[in-house]
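The values are calculated or read from the model by the stated rules, or taken from the named source; none is laboratory data. This structure is a prediction, so every number in the text was calculated from the model and none was measured. Ideal geometry is used to build each Cβ from the backbone, glycine not excepted, and the neighbour counts take in all protein chains shown. Only protein heavy atoms, including side chains, enter the accessible area calculation; ligands, DNA and RNA are left aside. Shrake-Rupley method; radii C 1.70, N 1.55, O 1.52, S 1.80 Å.
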Amino acid sequence: MSQTIPSYPLDPQVEQIVRESFSRQGLMQHLGAELNEVSRGRVSIVLPFHETLTQQHGYFHAGGTSAIADSAGGYAGLTVFPSDSSVLTVEFKINLLAPAQGDYLEAVGTVVRSGRTLTICQLEVFGVTDQKRAQVALGQQTLICMHGRPDQ
């Protein structure tokens, strides 16, 4: 049975699980990504600009853009899963709407619907400067809840 996400606050232990898991992700460390917001059904990740993250035109590379989107959605899903479970991405699709540029990118993963096994998330990525926040990517993701397999 699928469910919409209740609006009650996130358990501090769940936030700790998410933050500890994020700190173990080698790719996020390699990219320089930072976990920003963690709330029930919603997580944001920030990726500061660095020239090593660009493609040939100087924009953020789509690989970095999609990596932070995938992680933001995955951790958003983990916030609504049972505490004795972990998360894996089954599939995701991302549309690149505009060149990814700015002082940093912010990926926001939001749970749309959560079921016993599969959860669907919306993925959004924004290019941010002091003057502007522009959406550069939009996607959708399917996650699987791995019951009885804590994220450790």
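Table for the structure above
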{"quantity": "Two-decimal Rg/Rh across segment 62-152, once Rg and the Kirkwood Rh are taken from alpha-carbon atoms", "calculated": "1.04"}
{"quantity": "Unit charges on C-beta of K, R, D, E only; dipole of the chain, Debye", "calculated": "400"}
{"quantity": "Tail fraction, Cα-Cα pairs, the chain, threshold 23 Å, whole percent", "calculated": "32"}
{"quantity": "Fraction of accessible area attributable to carbon and sulfur, the chain (%, probe 1.4 Å)", "calculated": "50"}
{"quantity": "Highest-first arrangement of 31-37, 19-25, 52-58, where packing means the average Cβ count within 10 Å", "calculated": "31-37, 19-25, 52-58"}
{"quantity": "Whole-number accessible area per residue in Å² for the chain, which is evaluated in the context of all protein chains at 1.4 Å", "calculated": "54"}
